[in-house]
Amino acid sequence: MIPAFVRNVLEQKLRGKKTIAIDFDGPVHKYSKGWYDGTIYDPPTPGVKEALELLSKKYRLVLFTCRVLPDQPNGLRDVKKWLKENDLSKYFSDITYKKPRASFYIDDNAVVFKNNWPKVLTEIRKRTSTNER
Ligand SMILES: [Mg+2]
């Protein structure tokens, strides 16, 4: 028997959809206090539902989050519950903690690499000095 997520990937591939991987905390869950106590305490980010609605027509959307790591016993259950309560489950074909194969990655912690390591180092220095991390 083929697991549901594998079947989903195969179906999307047959339909020619490319993937966009979207980080949960920041882009989807507002995450205004950071990790805080580990709960999913905020509402969705403004505009996320509309964006997912649009993107899902053309792309297969995969949610990635460390909340579903095997050492987080209730992580997957809590993420699924929150997505359902906020009517966002239908947009995601998979939830994973592993970096998925994707055409685009949407992540609030990303440092974009454009063939320029000094620029990456400057960006990290800038973010660490403003206590963003
Ligand atoms: Mg994040």
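Computed from the coordinates by the stated procedures, all read-outs in this text should not be read as laboratory data. Note that the structure is predicted; figures quoted are calculated from it, not measured. Neighbour counts are summed over all protein chains in view; Cβ atoms, including those assigned to glycine, are modelled from backbone coordinates with ideal geometry.
The set of residues from region 14-31 being within 12 Å of the ligand (Cβ to nearest atom) and part of a loop (DSSP other than H, G, I, E, B) comprises F24, G26, P27, V28, K30, Y31.
For region 70-119, the candidate set comprises residues that are part of a helix (DSSP H, G or I) and aromatic (F, W, Y); within that set, the residue that is nearest to the ligand (Cβ to nearest atom) is W82. Filtering K30, K18 for residues that are within 16 Å of the chain's Cα centre (by Cα), surrounded by fewer than 17 Cβ atoms within 10 Å (Cβ to Cβ) and either among the aromatic types (F, W, Y) or over 16 Å from F92 (Cα atoms) (or both) leaves a single hit, K30. Here V111 meets each of (1) in contact with an Asp or Glu (Cβ under 6 Å, 6 or more places away or on another chain); (2) under 22 Å from N8 (Cα atoms); (3) without any contact (Cβ under 8 Å) to a residue 40 or more places away in the chain with one exception, condition (2).
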